1. How far is it, in nm, from the label point at residue 105 to the one at residue 15 when both lie 7 Å from their Cα along the line to the Cβ?
2. Once both axes come from the Cα atoms, what is the angle between helix 11-23 and the longest principal axis of the chain, in degrees from 0 to 90, rounded to 10?
3. Output the pairs from 140/171; 117/228; 117/140; 23/201 with a Cα-Cα distance over 27 Å in this structure; if there are none, say none.
4. What does the highest-first list of 162-168, 191-197 look like by mean Cβ count within 10 Å?
5. Rg and Dmax of the range 126-228, using alpha carbons, in Å: what are they?
6. Starting from the Kirkwood Rh over alpha-carbon pairs, what translational D in µm² s⁻¹ does the chain have by Stokes-Einstein at 10 °C and 1.306 mPa s?
7. Compute the orientation-averaged projected area for the range 1-97 from the convex hull of its Cα atoms and round it to one decimal in nm².
8. How far, in nm, would the chain grow between residue 87 and residue 213 when pulled straight, counting 0.36 nm per residue and subtracting the alpha carbon separation?
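Each value in this text was obtained by applying a stated rule to the coordinates, not by laboratory testing. Note that the structure is predicted; figures quoted are calculated from it, not measured. Here Cβ is always computed from backbone atoms with ideal geometry, including for glycine, and neighbour counts include all displayed protein chains.
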Amino acid sequence: MATILLLEDEENLNRGIEFSLTKEGYEVLSAKTIEEAEMFFQNNEIDLCICDLTLPDGNGLDFISRLRRHSSVYVFCLTALDQEMDQVLGYEAGADDYITKPFSLSVLTLKINAYFKRNYTQAETVIESGTWQFYMREMKAVNGRKDVLFSKNEWKLLCLFLEHPRQILSKGQILERIFDVDGNFVDDNTVAVNIRRLREKIEPDAARPKYIQNVRGLGYVWNQECRKR
């Protein structure tokens with residue numbers, strides 16, 4: 001089941017969209033403020049985002065820009081603004097599609113169904129590295145008979161390494177791509193703590209890592225080849 005984050009402060013429209021998409025089988029996390037939407041995003045795996053632009057606690061474009069710092073989630077802009085420049089600003093902020101109010105709920109639903117049909121009916125992507133097989137859609141890893149599940153941040157960090165094998169990633173790059181650098185919960189130990197947790201799950205000996213290795217003064221590297229199948 002795909003999870004959709006809906007950020008829309010107009011009560012009736014919010015309920016209408018949520019009802020239509022839930023009926024289609026999606027899980028809908030409904031937010032009416034940016035603060036609420038950011039909380040949902042931090043605590044859940046979001047597959048698609050529908051975002052209004054005029055919100056009680058800020059501009060939806062700013063919210064989309066922040067998402068783009070550490071996520072490639074597909075974003076539909078939902079707004080009453082219909083000037084060409086408004087659409088340009090939406091795309092520049094990182095939106096993928098733009099729907100102008102008033103609109104048909106059936107058209108929105110068809111657009112969303114078409115997106116998931118194109119992107120989520122493909123076979124499971126499996127990445128092999130060392131003795132591990134990483135099942136990307138299931139967020140799990142298998143090593144022989146051992147199955148391992150990951151937290152959201154552990155999985156995001158792991159995916160970053162698997163996308164860039166043998167490439168040194170600095171602490172700054174990891175913070176920028178994986179963690180919300182604007183959040184108060186991020187401190188200097190964030191990367192080191194998450195690297196340690198990830199090593200404890202995948203390394204045969206976390207004290208002598210062969211997958212995630214330190215490069216003194218530079219950062220970390222996934223020191224194994226990766227193969228997709």
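1. 1.0 nm
2. 60 degrees
3. 23/201
4. Per-residue Cβ counts within 10 Å, averaged per peptide and sorted highest first, yield 191-197, 162-168.
5. Rg, Dmax (Cα atoms, Å): 13.1, 40.
6. Diffusion coefficient, whole number: 82 µm²/s.
7. Spelled out: convex hull of the Cα atoms, projected over all directions, averaged, 5.7 nm².
8. That works out to 41.0 nm of additional length.
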